Amino acid sequence: MCVAIEDLRLDHLYVVHPGENSFPLDAGITATNLTDLLKILKSP
């Protein structure tokens, strides 16, 4: 995941999972559920 962030020059990487909670996996990497991801994408 860290290589993908570097190679693709991403600001942040989100890993979507079926659970209820979102949590950090590493610097710039977050495990999130679909509901929370949609909220992130809609925010300005």
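Lys/Arg Cβ at +1, Asp/Glu Cβ at -1, dipole of the chain taken about the Cα centre: which of Gly19, Met1, Thr35 is farthest positive-ward?
It is Thr35, whose Cα lies furthest towards the positive end.
Between Leu25 and residues 5 or more places away or on another chain, which pairs have amide H atoms under 5 Å apart, with H built 1.01 Å from N, and which residues are they?
Those lying under 5 Å, H to H, from Leu25 are Thr30, Ala31.
Could you pull out every residue, at least 5 positions away or on a different chain, whose amide H is within less than 5 Å of the one on Val16? Hs are placed 1.01 Å off N in the peptide plane, and Pro or chain starts have none.
Result for Val16 returns Thr32.
Please turn the phi angles of segment 4-14 into ³J(HN,Hα) values with the Karplus equation 6.51 cos²θ - 1.76 cosθ + 1.60 (θ = phi - 60°), one per residue in order, whole Hz, x for glycine and proline.
Result, ordered by residue: 4, 4, 5, 5, 8, 6, 7, 7, 7, 10, 10 Hz.
Once phi is turned into ³J(HN,Hα) by the Karplus curve 6.51 cos²θ - 1.76 cosθ + 1.60 with θ = phi - 60°, what whole-Hz value does each residue of segment 21-30 show in order, with x for glycine and proline?
Using θ = phi - 60°, the values come out as 10, 9, 7, x, 9, 6, 4, x, 10, 10 Hz.
Over the Cα atoms of the chain, what is the Rg over Rh ratio if Rh follows Kirkwood?
Ratio of gyration radius to Kirkwood radius for the chain: 0.98.
Every number here is computed from the coordinates shown, using simple stated rules; none is lab data. Keep in mind it's a predicted model, so treat the numbers as computed, not measured. Every residue, glycine as well, gets a Cβ built from its backbone with ideal geometry; the counts of neighbours run over all protein chains shown.
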